Amino acid sequence: MSNDSTGTPAEFVIAFDLSSHETRRRAAVVTALGTAWDPPAVMRAEQEAHDLLYSGLDPRQQEIYDMLVAAGVLPGGEAGRAAH
């Protein structure tokens, strides 16, 4: 490390490659989930929960829901409408 004219140590960059660690971490997660984990079933259950949560909205609630979907705050359902 060199010093500048004021005697202050020069800046330097330290970089770490975490890609092998991330690969190992993801493999550990998949192993922990086990063979019974069914990603399509999980996605279906998430969609069912979303539909149930936003079902039966009154007109004002539907308006707010649509506004939040349009703003990207909430994920949209079919055609951006909550289930009725």
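A short reminder: the numbers here are calculations on the coordinates, not readings from a lab. Quick caveat: nothing in here was measured; it's all calculated off a predicted structure. All Cβ positions, even for glycine, are placed from backbone atoms using ideal geometry, and neighbour counts span all protein chains on display.
A DSSP coil position with no more than 13 other Cβ atoms inside 10 Å describes the following chymotrypsin sites (Phe, Trp or Tyr not before Pro) in the range 27-65: Trp37.
With the simple model of a label 7 Å out from the Cα in the direction of the Cβ, Val29 to Ala49 spans 1.6 nm. If R0 equals 22 Å, the separation of the Cβ atoms of His21 and Ala70 corresponds to a calculated FRET efficiency of about 0.05.
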